[in-house]
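Below is one structure, written out as structure tokens; the observations come after it.
The values are calculated or read from the model by the stated rules, or taken from the named source; none is laboratory data. Note that the structure is predicted; figures quoted are calculated from it, not measured. We place every Cβ from the backbone using ideal geometry, glycine too, and count neighbours over all the protein chains shown.
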Amino acid sequence: MAKVDKSVLQFGCESRVRDDTYRRSAKDRACENCGNPDAVGAHPRTGQTGGGGLKPGDDLLLFLCTPCHLGPRGQEHGGSRWLARFTLLRILKLSWPEIEPTDATCVFVCTHILYPILRKRYAAWVTKQ
């Protein structure tokens, strides 16, 4: 079957960034959630990026230790609620709302607040290299 060049489509198709050097830089970083010095690269998943068994791009990488990466119940992080909570509490230094936000609100926080922050961080890292 022929491969379609999706970059020429009118609606566009975001390409996933793959950067081995950036992923390996996790070993020199502390966990962004708890400060543990043994961080690993974690790809956030909300159903908005990646898909079909594909990880999101490395420009969306979070640096988390293994316990934070696995989450409180030993399940891999990445649900929109976990990411929205992480974004509000750790990145924006805000408090978690009294009323539990809906899944759609959590996905919005990830897509429109967290992802742009992570992409800017990756772009700044690339320019320093």
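Out of curiosity, is L83 touching a residue at least 12 places away in the same chain (Cβ under 8 Å) and surrounded by 15 or more Cβ atoms within 10 Å (Cβ to Cβ)? So L83 fits the description; yes. In summary, helices (runs of 4 or more DSSP H) completely within the stretch 18-129 and bearing 2 or more residues that are at pLDDT below 85 occur at 66-70, 80-86, 103-109.
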